[in-house]
Every structure is written in C-alpha cells, then in structure tokens.
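Since the structure comes first, as structure tokens, the remarks are kept for the end.
The values are calculated or read from the model by the stated rules, or taken from the named source; none is laboratory data. What you see is a predicted model; the values in this text were computed from it and never measured. Using ideal geometry, Cβ is built from the backbone for each residue, glycine included, and neighbour counts are taken over all protein chains shown. These accessible areas exclude ligands, DNA and RNA; they are computed on the full protein's heavy atoms, side chains included. Shrake-Rupley method; radii C 1.70, N 1.55, O 1.52, S 1.80 Å.
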Amino acid sequence: MAVFVDLNIMNTDVKRLKNIIEMAAHLGYSTVAVNHLVEFDKKKTEIAKPMSVTDIFSSPPTVQGKCKPIKILNRLTIIASDPSHCNVLRSTSPSTRWYDIVAVFPKTEKLFHAACTNIDVDLVCINVTEKQPFFIRKPPINAAIERGIFFELIYTPAIKDSSIRRYTISNALSLMQFCKGKNIILSSGAERPLEIRGPYDVSTLGLLFGLSEGASKAAISTNCRAVLLHGETRKTAFGIVYTEKKPQTEEESSEPVCKKAKME
C-alpha cells in the first residue's frame with residue numbers, strides 16, 4: 001500500500017491546525033508537514049522555533065486503514081525577492097536545523113536561478129495564484145534535478161477560484177515543459193479542513209497539471225519521501241566522499257593474473 005504525504009499544511013491557530021491534521025489522517029495521509037511561512041522585508045526578520053507535536057496533540061490521530069498514528073513534521077518556507085534573504089538557509093545555520101524541510105518561494109528570476117543552483121533547500125515553490133513573473137528556463141531546472149531538489153505545486157487555490165485555476169494549470173504546464181514530470185510534489189496548502197482532498201483526488205488533479213498517471217501518484221508518495229530524505233541529508237551531511245576505480249591500461253588488462261601477482 002502506498003504511503004501518502006502532504007508536505008504543506010498551513011500553520012494557523014492550534015484548534016484549526018488540529019482539525020486539518022485529523023482530516024488528513026481520516027483521508028489516509030501517513031505524514032503531514034506544518035508549514036511555517038517567513039517573509040523577508042527591509043526589516044530584520046528572525047526565524048522562530050517551531051511548535052512541537054505535543055503542543056498540537058497529546059496523542060496524534062490514527063491514519064485511516066492503518067494501525068499507526070500520523071507523523072507530523074515541521075517545514076520552513078522563506079518568501080524572498082533577493083538572494084541575500086536566503087543567507088539564513090546555509091547548512092550551518094542553527095535556525096534551519098529546527099525544521100525537517102526547508103523551502104524557498106522565489107519572487108524573481110534571479111532568486112529562482114539561485115534556489116535551483118546553489119541555495120541549500122529541499123523544495124522550490126512555484127507560484128500558482130498569478131501569472132508567473134518570469135520565464136522558467138531549462139538550465140536551472142536541470143541543475144535542481146541533479147541536486148535532488150523538488151518543485152512544489154499546491155492545488156487548493158485552483159479549487160477555490162476559476163481564474164486562479166487557469167494560472168495554476170498554465171504555470172504547471174510551463175514547468176512540465178522542462179522537467180518532464182520529474183521531481184514534482186503536489187501539496188494542499190490547506191488552511192481549513194475542507195480544503196484538503198484525498199490522495200486519489202489529488203492524483204487526478206495532477207493529470208490536469210500535465211503529469212502522467214505514474215508521476216502524479218509519485219508526487220504525493222515516493223517523491224515526498226525523497227524530499228524528507230534530502231532534508232535529513234541536508235541537516236547531517238557537510239560533504240561527500242566517493243571512490244572511483246582507476247581504469248586499467250591495455251597492458252595491465254592483457255597480463256595474466258598469476259603474472260600480476262608475481263610482479264607485486
């Protein structure tokens with residue numbers, strides 16, 4: 001059985017947040033992430049420590065059809081218009097270590113390119129509520145995919161308003177033109193319990209966004225799992241060491257094994 005995940009439950013008051021998470025568990029989601037938005041402006045903005053699970057539930061609700069409680073994670077999303085706003089997203093920053101997932105919502109093409117190529121994040125959010133202010137290009141998309149960064153599309157605005165639905169589909173198709181359905185996740189961005197939809201309904205919505213049937217199912221399951229693993233790696237790994245086998249020359253490959261042993 002697939003494990004369904006929603007990585008964008010908006011951080012509202014505790015009572016409403018509790019109701020949304022209970023609805024997610026009832027619909028069959030095994031994991032949800034509470035999204036803490038931080039919008040940078042001219043004034044100095046600080047990142048607060050997220051609430052713990054015990055602040056919401058004494059015992060989390062059980063997932064529908066399973067005998068285990070829903071898993072609740074914390075996510076940080078930086079809304080920024082300048083790359084300097086993302087200095088807090090360095091791997092050594094103590095603020096980001098409080099969160100399981102770190103995302104950036106780029107408002108400019110320059111920041112979108114930086115988020116895809118060098119900023120240390122797990123998710124890049126795609127604007128779905130208005131016409132994209134810049135053209136999405138292939139090089140940064142490919143760079144993000146190579147780095148294991150995923151792109152997020154939220155579906156709740158498309159359900160609320162027909163004009164926003166056009167922007168959502170248009171921006172999604174523009175992204176699919178270059179990523180071909182790779183490294184995409186679908187999230188709700190729900191602020192109320194009735195705004196969240198069941199996993200199979202979301203998978204059907206993914207078809208409207210240009211995803212294939214397999215990619216649409218992966219966008220709410222295995223791709224979300226990959227985002228969580230990327231977040232764990234971001235918090236624990238500071239570098240990667242790899243070994244490479246030295247290619248043999250023609251002389252070495254043609255010599256018998258017994259002769260090589262004598263020479264050694």
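Quick notes on this one:
- Dipole in debye (nearest 20) - the stretch 24-75, about Cα centre, beta carbon charges: Lys, Arg +1; Asp, Glu -1: 120 debye
- Extended-chain gain in nm, criterion 0.36 nm per residue less alpha-carbon gap, residue 160 and residue 207: 15.1 nm
- The stretch 101-193, accessible area per residue, ligands and nucleic acids excluded (1.4 Å, Å²): 42 Å²
- Per-residue extension of 0.36 nm, minus the Cα-Cα distance of residue 68 and residue 18, leaves a gain of 16.3 nm for this segment.
- Sites matching trypsin sites (Lys or Arg not before Pro) across the stretch 160-240 that sit in DSSP coil, with at most 15 neighbouring C-beta atoms within 10 Å: 180
- Violating pairs (Cα-Cα greater than 18 angstrom) within the set 49/235; 107/182; 131/217; 110/138: 107/182; 131/217
- Think of each Lys and Arg Cβ as +1 and each Asp and Glu Cβ as -1; about the Cα centre, that makes the dipole of the stretch 161-233 roughly 180 debye.
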